[in-house]
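Contents: one structure, followed by commentary.
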Amino acid sequence: MSDSHTPSRRRVMAGNWKMYKTQAETRAFFEAFLPLIADADHCDIVIAPPFTSIAAAVEKTKDTKIGIAGQNSHWQKEGAFTGEVSTGMLVESGCRYVIVGHSERRQYNGETDDIVAQKSRSALAAGLIPIVCLGENFTERETGRTEEVLSQQFIGGPGALTHEEFSRILLAYEPVWAIGTGRTATPEIAAAAHQFLRRCVQDQFSAEIAAGLRILYGGSVKPDNIQGLMAQRELDGTLVGGASLEPKSFATIVNCK
Ligand code: PEP
(Lines give C-alpha, C1' and ligand atoms only; values in the text may rest on other atoms or scores of the structure.)
Protein backbone atom coordinates (compact mmCIF):
# COMPACT_ATOMS: atom_id res chain seq x y z
CA MET A 1 0.00 0.00 0.00
CA SER A 2 1.32 3.41 -0.93
CA ASP A 3 1.65 5.96 1.84
CA SER A 4 2.18 8.82 -0.57
CA HIS A 5 0.58 12.11 0.35
CA THR A 6 -1.87 12.36 -2.53
CA PRO A 7 -3.75 15.58 -3.25
CA SER A 8 -6.91 13.86 -1.97
CA ARG A 9 -5.30 13.77 1.49
CA ARG A 10 -5.73 17.47 2.14
CA ARG A 11 -4.25 18.44 5.47
CA VAL A 12 -6.53 19.17 8.43
CA MET A 13 -5.38 21.38 11.30
CA ALA A 14 -7.85 21.17 14.17
CA GLY A 15 -7.94 22.85 17.56
CA ASN A 16 -9.74 21.39 20.58
CA TRP A 17 -10.39 24.10 23.14
CA LYS A 18 -11.74 21.72 25.79
CA MET A 19 -13.35 23.68 28.68
CA TYR A 20 -11.62 26.95 27.82
CA LYS A 21 -12.90 30.24 26.36
CA THR A 22 -16.01 32.23 27.08
CA GLN A 23 -17.93 33.85 24.22
CA ALA A 24 -15.98 37.10 24.64
CA GLU A 25 -12.68 35.19 24.61
CA THR A 26 -13.82 33.31 21.52
CA ARG A 27 -14.53 36.54 19.64
CA ALA A 28 -11.18 37.99 20.71
CA PHE A 29 -9.40 34.82 19.57
CA PHE A 30 -10.83 35.00 16.05
CA GLU A 31 -10.15 38.73 15.72
CA ALA A 32 -6.46 38.00 16.32
CA PHE A 33 -6.33 34.63 14.53
CA LEU A 34 -8.08 35.32 11.21
CA PRO A 35 -5.53 37.83 9.83
CA LEU A 36 -2.71 35.43 10.77
CA ILE A 37 -4.09 32.55 8.69
CA ALA A 38 -5.47 34.60 5.79
CA ASP A 39 -3.10 32.85 3.32
CA ALA A 40 -3.51 29.31 4.65
CA ASP A 41 -5.13 27.70 1.60
CA HIS A 42 -3.18 24.45 1.91
CA CYS A 43 -5.29 22.92 4.69
CA ASP A 44 -8.71 22.63 6.27
CA ILE A 45 -8.93 24.46 9.61
CA VAL A 46 -11.25 23.28 12.37
CA ILE A 47 -11.89 24.70 15.84
CA ALA A 48 -13.87 22.93 18.56
CA PRO A 49 -15.01 25.46 21.17
CA PRO A 50 -17.11 24.59 24.23
CA PHE A 51 -20.85 24.34 23.40
CA THR A 52 -21.63 27.77 24.88
CA SER A 53 -19.12 29.46 22.56
CA ILE A 54 -20.13 27.68 19.34
CA ALA A 55 -22.52 30.46 18.25
CA ALA A 56 -19.83 33.11 18.75
CA ALA A 57 -17.31 31.00 16.82
CA VAL A 58 -19.73 30.37 13.95
CA GLU A 59 -20.58 34.06 13.75
CA LYS A 60 -16.92 35.12 13.73
CA THR A 61 -15.94 32.57 11.05
CA LYS A 62 -18.98 32.87 8.78
CA ASP A 63 -17.08 34.36 5.82
CA THR A 64 -14.11 32.03 6.20
CA LYS A 65 -13.32 28.41 5.39
CA ILE A 66 -12.86 27.54 9.07
CA GLY A 67 -15.11 24.70 10.19
CA ILE A 68 -16.52 24.67 13.71
CA ALA A 69 -16.76 21.41 15.63
CA GLY A 70 -18.62 20.14 18.66
CA GLN A 71 -16.39 18.47 21.25
CA ASN A 72 -18.97 15.75 21.83
CA SER A 73 -22.49 14.71 20.89
CA HIS A 74 -25.04 12.08 21.87
CA TRP A 75 -25.99 9.28 19.48
CA GLN A 76 -29.75 9.66 20.00
CA LYS A 77 -31.68 12.33 18.12
CA GLU A 78 -33.35 13.58 21.32
CA GLY A 79 -34.42 12.29 24.69
CA ALA A 80 -34.06 12.42 28.45
CA PHE A 81 -30.27 12.76 28.48
CA THR A 82 -29.50 15.62 30.84
CA GLY A 83 -26.42 17.57 29.85
CA GLU A 84 -26.14 16.05 26.39
CA VAL A 85 -26.32 17.63 22.94
CA SER A 86 -27.50 15.91 19.75
CA THR A 87 -25.76 15.92 16.40
CA GLY A 88 -28.78 17.71 14.89
CA MET A 89 -28.38 20.48 17.47
CA LEU A 90 -24.72 20.87 16.49
CA VAL A 91 -25.67 21.11 12.82
CA GLU A 92 -28.36 23.68 13.60
CA SER A 93 -25.75 25.71 15.52
CA GLY A 94 -23.51 25.80 12.46
CA CYS A 95 -21.06 22.99 13.26
CA ARG A 96 -19.59 20.90 10.44
CA TYR A 97 -17.50 18.52 12.54
CA VAL A 98 -17.66 16.74 15.89
CA ILE A 99 -14.92 15.14 17.98
CA VAL A 100 -15.78 11.57 18.98
CA GLY A 101 -14.03 9.33 21.49
CA HIS A 102 -11.52 11.84 22.84
CA SER A 103 -9.43 10.12 25.51
CA GLU A 104 -10.70 12.55 28.15
CA ARG A 105 -14.26 11.44 27.40
CA ARG A 106 -13.21 7.79 27.36
CA GLN A 107 -11.49 8.31 30.72
CA TYR A 108 -13.96 10.58 32.57
CA ASN A 109 -17.25 9.72 30.87
CA GLY A 110 -16.86 6.02 30.24
CA GLU A 111 -17.00 6.33 26.46
CA THR A 112 -16.49 2.83 25.05
CA ASP A 113 -15.55 1.71 21.55
CA ASP A 114 -19.19 0.78 20.93
CA ILE A 115 -20.33 4.27 21.98
CA VAL A 116 -17.70 5.72 19.67
CA ALA A 117 -19.19 3.72 16.79
CA GLN A 118 -22.74 4.82 17.65
CA LYS A 119 -21.75 8.46 18.00
CA SER A 120 -19.86 8.36 14.70
CA ARG A 121 -22.90 6.89 12.92
CA SER A 122 -25.20 9.51 14.40
CA ALA A 123 -22.82 12.32 13.42
CA LEU A 124 -22.58 11.06 9.84
CA ALA A 125 -26.35 10.68 9.58
CA ALA A 126 -26.71 14.32 10.63
CA GLY A 127 -24.17 15.44 8.04
CA LEU A 128 -21.27 16.10 10.43
CA ILE A 129 -17.71 14.90 9.88
CA PRO A 130 -16.65 12.92 12.96
CA ILE A 131 -13.05 13.29 14.10
CA VAL A 132 -12.68 9.90 15.75
CA CYS A 133 -9.90 9.73 18.35
CA LEU A 134 -8.01 6.69 19.53
CA GLY A 135 -4.68 6.02 21.17
CA GLU A 136 -2.86 3.96 23.76
CA ASN A 137 -1.99 5.01 27.30
CA PHE A 138 1.47 5.07 28.87
CA THR A 139 1.32 1.59 30.39
CA GLU A 140 0.01 0.08 27.17
CA ARG A 141 2.92 1.58 25.23
CA GLU A 142 5.50 0.63 27.87
CA THR A 143 4.30 -2.97 27.90
CA GLY A 144 4.40 -3.29 24.11
CA ARG A 145 0.61 -3.38 23.68
CA THR A 146 0.22 -0.30 21.45
CA GLU A 147 -0.81 -2.16 18.29
CA GLU A 148 -3.11 -4.51 20.18
CA VAL A 149 -4.90 -1.54 21.80
CA LEU A 150 -5.12 0.49 18.58
CA SER A 151 -6.45 -2.50 16.71
CA GLN A 152 -9.06 -3.16 19.42
CA GLN A 153 -10.18 0.48 19.53
CA PHE A 154 -10.31 0.57 15.76
CA ILE A 155 -12.31 -2.64 15.27
CA GLY A 156 -14.86 -1.85 17.99
CA GLY A 157 -15.14 1.84 17.08
CA PRO A 158 -14.74 3.30 13.58
CA GLY A 159 -14.03 -0.14 12.14
CA ALA A 160 -17.66 -1.06 12.89
CA LEU A 161 -18.94 1.52 10.40
CA THR A 162 -19.96 0.63 6.85
CA HIS A 163 -17.53 1.30 3.98
CA GLU A 164 -19.58 4.31 2.95
CA GLU A 165 -19.73 5.72 6.48
CA PHE A 166 -16.04 5.14 7.13
CA SER A 167 -15.03 6.92 3.92
CA ARG A 168 -16.43 10.16 5.42
CA ILE A 169 -14.64 10.23 8.78
CA LEU A 170 -11.35 11.65 10.00
CA LEU A 171 -9.21 9.61 12.38
CA ALA A 172 -7.03 11.17 15.09
CA TYR A 173 -4.20 9.16 16.61
CA GLU A 174 -3.78 10.62 20.09
CA PRO A 175 -1.47 8.68 22.39
CA VAL A 176 -2.87 9.41 25.86
CA TRP A 177 0.63 9.77 27.33
CA ALA A 178 1.25 12.73 25.02
CA ILE A 179 -1.97 14.66 25.64
CA GLY A 180 -1.48 17.76 27.75
CA THR A 181 1.78 16.37 29.10
CA GLY A 182 4.32 18.18 26.92
CA ARG A 183 5.62 14.72 25.86
CA THR A 184 5.03 14.71 22.11
CA ALA A 185 5.41 11.44 20.25
CA THR A 186 8.51 11.64 18.06
CA PRO A 187 7.60 12.08 14.39
CA GLU A 188 8.76 8.47 13.83
CA ILE A 189 6.57 7.05 16.62
CA ALA A 190 3.56 8.98 15.31
CA ALA A 191 4.20 7.88 11.72
CA ALA A 192 4.55 4.20 12.74
CA ALA A 193 1.20 4.33 14.56
CA HIS A 194 -0.45 6.01 11.57
CA GLN A 195 0.97 3.34 9.26
CA PHE A 196 -0.36 0.63 11.54
CA LEU A 197 -3.82 2.25 11.62
CA ARG A 198 -3.81 2.56 7.83
CA ARG A 199 -3.07 -1.17 7.62
CA CYS A 200 -6.03 -1.86 9.94
CA VAL A 201 -8.22 0.23 7.62
CA GLN A 202 -6.97 -1.67 4.59
CA ASP A 203 -7.70 -5.03 6.25
CA GLN A 204 -11.17 -3.99 7.38
CA PHE A 205 -12.24 -1.93 4.36
CA SER A 206 -10.04 -1.54 1.28
CA ALA A 207 -6.68 -0.24 0.07
CA GLU A 208 -8.47 2.64 -1.60
CA ILE A 209 -10.24 3.76 1.57
CA ALA A 210 -6.99 3.36 3.54
CA ALA A 211 -5.06 5.49 1.04
CA GLY A 212 -7.67 8.26 1.15
CA LEU A 213 -8.17 8.36 4.92
CA ARG A 214 -6.84 11.43 6.68
CA ILE A 215 -5.21 10.61 10.01
CA LEU A 216 -4.38 13.50 12.34
CA TYR A 217 -1.80 13.32 15.10
CA GLY A 218 -2.62 14.80 18.51
CA GLY A 219 -0.55 15.08 21.68
CA SER A 220 1.40 18.16 22.78
CA VAL A 221 1.72 19.58 19.27
CA LYS A 222 3.42 22.98 19.57
CA PRO A 223 4.86 25.60 17.21
CA ASP A 224 8.36 24.23 17.89
CA ASN A 225 7.62 20.60 16.98
CA ILE A 226 5.11 21.02 14.16
CA GLN A 227 7.74 21.06 11.38
CA GLY A 228 9.16 17.69 12.34
CA LEU A 229 5.73 16.11 12.65
CA MET A 230 4.43 17.47 9.35
CA ALA A 231 7.58 16.29 7.57
CA GLN A 232 6.17 12.77 8.02
CA ARG A 233 4.10 11.91 4.96
CA GLU A 234 1.89 9.65 7.07
CA LEU A 235 0.59 12.59 9.13
CA ASP A 236 -2.32 14.33 7.44
CA GLY A 237 -2.71 17.06 10.03
CA THR A 238 -3.01 17.58 13.75
CA LEU A 239 -5.52 17.81 16.57
CA VAL A 240 -4.16 20.41 18.95
CA GLY A 241 -5.27 21.13 22.50
CA GLY A 242 -3.27 23.63 24.57
CA ALA A 243 -1.45 25.28 21.67
CA SER A 244 -4.72 26.03 19.87
CA LEU A 245 -5.82 28.43 22.59
CA GLU A 246 -3.42 31.17 21.65
CA PRO A 247 -3.92 32.79 18.19
CA LYS A 248 -0.22 33.16 17.33
CA SER A 249 0.76 29.65 18.34
CA PHE A 250 -2.15 27.98 16.54
CA ALA A 251 -1.53 30.16 13.48
CA THR A 252 2.11 29.02 13.42
CA ILE A 253 0.91 25.40 13.51
CA VAL A 254 -1.72 25.98 10.80
CA ASN A 255 0.72 27.85 8.55
CA CYS A 256 3.38 25.10 8.67
CA LYS A 257 3.81 23.70 5.14
C1 PEP B 1 -6.12 17.09 22.67
O2 PEP B 1 -6.80 17.56 23.57
O3 PEP B 1 -6.66 16.44 21.77
C4 PEP B 1 -4.67 17.34 22.69
C5 PEP B 1 -3.95 16.76 21.79
O6 PEP B 1 -4.20 18.17 23.68
P7 PEP B 1 -2.70 18.79 23.78
O8 PEP B 1 -2.34 19.31 22.42
O9 PEP B 1 -2.80 19.88 24.81
O10 PEP B 1 -1.80 17.66 24.19
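The values are calculated or read from the model by the stated rules, or taken from the named source; none is laboratory data. Model, not experiment: these values are computed from the prediction. For neighbour counting, all protein chains shown are included, and Cβ atoms are generated from backbone atoms with ideal geometry for every residue, glycine included. Just the protein is used for accessible areas: all its heavy atoms, side chains included, with ligands, DNA and RNA removed. Shrake-Rupley method; radii C 1.70, N 1.55, O 1.52, S 1.80 Å.
Both radii come from the Cα set of the stretch 197-245: Rg as radius of gyration, Rh as Kirkwood radius; their ratio Rg/Rh reads 1.08. Could you work out the relative contact order of the stretch 1-115? I mean the mean sequence separation of Cα pairs under 8 Å and 6+ apart, divided by the number of residues, in percent. Relative CO of the stretch 1-115 lands at 22 percent.
Out of every Cα-Cα pair in the stretch 171-234, what percent are more than 14 Å apart? More than 14 Å apart: 55 percent of the Cα pairs in the stretch 171-234. May I ask you to derive the FRET efficiency for T186 and E142 from their Cβ-Cβ distance with R0 = 22 Å, giving the value to the nearest 0.05? After rounding, the FRET efficiency stands at 0.90.
For the stretch 23-146, the Kirkwood estimate of hydrodynamic radius, built from reciprocal distances between every pair of different alpha carbons, is 15.7 Å.
Note on the stretch 49-108: the alpha carbon radius of gyration divided by the globular reference 2.2 N^0.38 Å gives 1.16. Accessible area per residue (1.4 Å probe, heavy atoms of protein chains only) ranks M19, M13, M89 as M19, M89, M13, with the largest value leading. Return the inverse of the average 1/r over all pairs of distinct C-alpha atoms in the chain, which is the Kirkwood hydrodynamic radius, in Å to one decimal. One over the average 1/r among Cα pairs gives 18.1 Å for the chain. The string of couplings for the stretch 44-58 from the Karplus curve (6.51, -1.76, 1.60, θ = phi - 60°) is 8, 10, 10, 10, 10, x, x, 3, 5, 10, 4, 4, 5, 5, 5 Hz, one whole number per residue in order, with x for Gly and Pro.
Counting only Cβ charges, +1 for Lys and Arg and -1 for Asp and Glu, the dipole size of the stretch 132-257 around its Cα centre is about 380 debye. Dividing the helix sum by the residues of the chain, where each DSSP H run of 4 or more adds -39500 (n - 2.57), gives a mean residue ellipticity at 222 nm of -11500 deg cm²/dmol.
The longest part of the chain holding none of the exposed loop GluC sites (Glu not before Pro), meaning those outside H, G, I, E and B in DSSP with at most 16 other Cβ atoms within 10 Å, is 85-257. For S122, the accessible surface of its heavy atoms amounts to roughly 20 Å² (probe 1.4 Å, protein chains only, rounded to the nearest 10). Once the Cβ-Cβ distance of Q195 and Q76 is raised to the sixth power relative to R0 = 51 Å, the FRET efficiency obtained is 0.90.
Just checking the listed ones, T61, T26, T139: in the Gaussian network model of the chain with Cα springs under 10 Å, the one fluctuating most is T139. Cut-off under 23 Å on the C-alpha distance; same-chain residues fewer than 8 positions from K65 excluded. Which lysines are left, in chain and number order? Straight-line reach from K65, under 23 Å: K18, K21, K222, K248, K257.
All distinct Cα pairs of the stretch 142-257 go into the 1/r average, and the inverse of that average, the Kirkwood radius, is 14.7 Å.
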